[in-house]
Amino acid sequence: MIPRVGARLSYGLHPVLAANPLYRRFGAWLERRQRVYRWFTRAERVAKERLYGCRMCGQCALPDTGYTCPMTCPKQLRNGPCGGVAASGRCEVHPDLVCVWVTAIERAQGAGHGADLGLLQRPVDHRAWDSSSWVNYWQGRDDGLGVAPSADDPRPLLRRELGLSPR
């Protein structure tokens, strides 16, 4: 799915949800009230699903991927495109769709955040599915989700031999 909200606007709005002591307390309050937490998580799901195609993995990488959900990739690749992306930028699994990563690259670079794509994303902890990624973020559970590449090869991930360039 192509996100419905522009990357520049999304990056601009990100500070509104940035972790802070007030949100941390709010997240803890939500978790103590499961009914309210479920309602909050449903609202997050609806909003992010409609705007970004979010899959509610509970460990949101949207800010690191041009506000394009990497979990919408049929292979759920969180660190860049697979080797099967066509030269046209089409997905090998669903050739009628543009690769999620081509969209992410275009959006991040267009918004001046291309360097974010060089962060390595930790594997998804499947126990976090269907939980609120906002609460997890505010509580610090996804600290280090996007980490710099290894010291052995400091080049950004997208500069390595991926064989893909934006359209």
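Normalising by residue count, segment 7-143 has a Cα convex hull of 112 Å³ per residue. Magnitude of the charge dipole for the chain, about its Cα centre and with charges confined to Cβ atoms of Lys, Arg (+1) and Asp, Glu (-1), is about 680 debye.
Among 114, 86, 60, whose Cα lies farthest out toward the positive end of the dipole of the chain, if unit charges sit on the beta carbon of Lys, Arg (+1) and Asp, Glu (-1)? So the residue furthest toward the plus end is 60. Given R0 = 35 Å, the distance between the Cβ atoms of residue 25 and residue 2 translates into a calculated FRET efficiency of 0.45.
When 99, 82 are arranged by Cβ crowding within 10 Å, least crowded first, meaning fewest neighbours, the order is 82, 99. Just add up the charged neighbours of residue 59: K/R +1, D/E -1, any other residue whose Cβ is under 15 Å from the Cβ of residue 59. Result for the local shell: +1. Near the amide H of residue 79, within less than 5 Å, lie no amide hydrogens of residues on another chain or at least 5 residues away, with H placed in the peptide plane. In the chain, helices alone account for a calculated mean residue ellipticity at 222 nm of -10000 deg cm²/dmol, with every DSSP H run of four or more residues adding -39,500 (n - 2.57). Between 130, 143, 96, find the one with the highest GNM mean-square fluctuation for the chain; connect C-alpha pairs within less than 10 Å. Evaluated over the chain, the most mobile residue of the options is 96.
Extension gain, residue 17 to residue 47: 0.36 nm times the residue separation minus the Cα-Cα distance gives 9.4 nm.
Here, each number is a calculation from the coordinates, and none is a lab measurement. Model, not experiment: these values are computed from the prediction. All Cβ positions, glycine included, derive from the backbone under ideal geometry; neighbour counts span all protein chains shown.
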